[in-house]
Amino acid sequence: MQYTSSGDKDTRSGFGEGLLELGRNNPNVVALCADLTGSLKMDAFEKEFPERFFQIGIAEANMMGIAAGMTIGGKIPFTGTFANFSTGRVYDQIRQSIAYSGKNVKICASHAGLTLGEDGATHQILEDLGMMRMLPGMTVINPCDFNQTKAATIAIAKHNGPVYLRFGRPKVANFTTPNQPFEIGKAITFIEGTDVSIFATGHLVWKALQAAEILKEKGISAEVINIHTIKPLDEEAIVKSVAKTRCVVSAEEHQRNGGLGDAIAQVLAMKMPAPQEFVAVNDSFGESGTPEQLLTKYGLDTADVVAAAERAIARK
C-alpha cells in the first residue's frame, strides 16, 4: 500500500487539538505549562478552560511536583514544555515524584530531536527516549504525524500511570488517517515486505515509507512498521516481522544509544538474532540548521534508510 501525505502539519498542533478535545470530554483533565503555551499549542485549552489551565512559568521542576500532587485529587495533569526541559532539566523530579510512586501524570514534550532546527544543540535533546524508557513503569510514546499525535494524546488520558509523549515543532507529512484508533503498545504495519524489516518511530516513519518506495524500484521488498510506542514495545510484531525478513533497520530521531534501536536489539538478542542497522544520531550533539539540513547531515534522511536496508540485507 502506498501512503501519501494530505499536507504538512506540525505534530505539536495534533497535541493541542487532542488536549482541547479531552478538555471537552473529561472534566478531570488539567493542563500545566512552563511559559510556552503558544509553542505547545495549549492556548485553545487555556482559552476554553481557564480554570483548568495552570501557567507555572519557567519552573519546570516545580511543574512536575505540582502535577504529581494534582493526581492525588483525581486530576489527570498534562504538562507541557520543550522535550529538553521536560526530561533533562527535571529528571530527578520525574523519577522521584512521578515514576517512583506511579503518579498518573502525562509528560507532553514538544520540540524534540534535531528537527527543532535553528535553536541548536542546547535545545535539541536526543537522549530523552532513553532516559524515559529506563524509568520503571513509564510508558513512552513517539507518534509519527499530526493525526497520530492527536489520537495518542486522547488515548493516554485513559491509561492509568505516567506517560512520556514526544512530538515536534516542524511541519511534516500528515499521512495517517484522521480519527484513527490508537492502541498503546501495538505497532502498526504500513507496508508488508519480505526482504528487510524497517522499524521506524516519529518523524522517521515518513522517511521509511519513502525509502520503501525507492527500495521497491530496486527490486527490494521492505516491510515498514511504525513503532509509535517505545515502551511497552510490541515484541510480538518485531519477532513476527524479523522471522520473515531475517534482517532489520531501526530508524529514529534520537541517539543510537538508549532509543528504539537499542530496545529492538534487546528483543533480537533474546528471541530472534538477526543483522541490524541503525539510522540514528551517532554519539553526537546537534547544531543549528533547518530540519532537513540537519536530518541529512546527521544521517537520518530517506537515502540513509535506503542505504541501511541494503547493508542489512548484505549481512544476511
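The values are calculated or read from the model by the stated rules, or taken from the named source; none is laboratory data. Small disclaimer: the values here were computed from a predicted structure and weren't measured. Here the Cβ is made from the backbone with ideal geometry for all residues, glycine too, and neighbour counts use every protein chain on show.
Return the pairs, sorted by first residue and then second, in which the second residue is of a type in the set (Val, Ile, Thr) and part of a loop (DSSP other than H, G, I, E, B), the first residue lies in the range 269-292 and is under 19 Å from Val196 (Cα atoms), the beta carbons are less than 8 Å apart, and the residues are 6+ apart or on different chains.
The qualifying pairs do not exist here.
Taking Glu118 and the conditions (1) part of a helix (DSSP H, G or I); (2) in contact with a helix residue (DSSP H, G or I) (Cβ under 8 Å, 6 or more places away or on another chain); (3) farther than 19 Å from Phe15 by Cβ, which numbered condition does it fall short on, given that it satisfies the others?
Among (1) part of a helix (DSSP H, G or I); (2) in contact with a helix residue (DSSP H, G or I) (Cβ under 8 Å, 6 or more places away or on another chain); (3) farther than 19 Å from Phe15 by Cβ, Glu118 violates only (2).
Sort out which residues of the range 121-132 are surrounded by fewer than 22 Cβ atoms within 10 Å (Cβ to Cβ) and within 18 Å of Asp283 (Cβ to Cβ), and write them in order of number.
The answer is Ala121, Thr122, Glu127, Gly130, Met131.
Looking only at the range 207-249, how many residues end up being in contact with a Leu (Cβ under 9 Å, 6 or more places away or on another chain), of a type outside the set (S, T, N, Q) and under 23 Å from Thr4 (Cα atoms)?
Within the range 207-249, residues that are in contact with a Leu (Cβ under 9 Å, 6 or more places away or on another chain), of a type outside the set (S, T, N, Q) and under 23 Å from Thr4 (Cα atoms) number 4.
Please count how many residues of the range 252-295 are over 21 Å from Asn226 (Cα atoms) and among the polar types (S, T, N, Q).
Of the residues in the range 252-295, 5 are over 21 Å from Asn226 (Cα atoms) and among the polar types (S, T, N, Q).
Restricting the search to the range 121-153, which residues are in a helix (DSSP H, G or I) and of a type in the set (A, V, I, L, M)?
Leu129, Met131, Met132, Ala151, Ala152
Any idea which of (1) out of contact with any strand residue (DSSP E or B) (no Cβ under 6 Å at 6 or more places or on another chain); (2) in a strand (DSSP E or B); (3) among the hydrophobic types (A, V, I, L, M, F, W, C) is the one Ala109 doesn't satisfy?
Here Ala109 meets the rest and fails (1).
Have a look at Asn147, Asn160 and point out the one that is crowded, with 18+ Cβ neighbours inside 10 Å and of a type outside the set (A, V, I, L, M, F, W, C).
Asn147
Among (1) in contact with a helix residue (DSSP H, G or I) (Cβ under 9 Å, 6 or more places away or on another chain); (2) over 24 Å from Thr115 (Cβ atoms), where does Lys244 come up short?
(1) is the only condition that Lys244 fails.
Quick one: count up the residues across the range 246-284 that are of a type outside the set (D, E, K, R) and part of a helix (DSSP H, G or I).
Residues in the range 246-284 being of a type outside the set (D, E, K, R) and part of a helix (DSSP H, G or I): 10 in total.
Out of curiosity, is Phe82 within 22 Å of Asp43 (Cβ to Cβ), of a type in the set (Phe, Trp, Tyr) and in contact with a Cys (Cβ under 9 Å, 6 or more places away or on another chain)?
So Phe82 fails the test.
Considering only residues that are of a type in the set (A, V, I, L, M, F, W, C) and surrounded by fewer than 22 Cβ atoms within 10 Å (Cβ to Cβ), look in the range 164-184 and name the one that is nearest to Ser13 (Cα to Cα).
Ranking the candidates gives Ala173 first.
Out of all the residues in the range 49-69, is one or more within 18 Å of Met132 (Cβ to Cβ) and of a type outside the set (A, V, I, L, M)?
Looking through the range 49-69, at least one residue is within 18 Å of Met132 (Cβ to Cβ) and of a type outside the set (A, V, I, L, M).
Looking at Gly185, Gly117, Gly137, Gly161 in this structure, which one is touching a residue at least 60 places away in the same chain (Cβ under 8 Å) and not charged (D, E, K, R)?
It is Gly117.
Answer yes or no: is there a residue in the range 50-65 that is among the small types (Gly, Ala, Ser), out of contact with any Cys (no Cβ under 7 Å at 6 or more places or on another chain) and closer than 24 Å to Lys150 by Cβ.
no
Taking the range 1-58, which residues are within 22 Å of Trp206 (Cβ to Cβ), charged (D, E, K, R) and outside any loop (DSSP other than H, G, I, E, B)?
Those that are within 22 Å of Trp206 (Cβ to Cβ), charged (D, E, K, R) and outside any loop (DSSP other than H, G, I, E, B): Asp8, Lys9, Asp10, Arg12, Glu17.
Among the numbered criteria (1) at positive phi; (2) small (Gly, Ala, Ser); (3) assigned by TED's automatic domain parsing to the domain that holds Ile72, which one does Gly219 miss?
(3)
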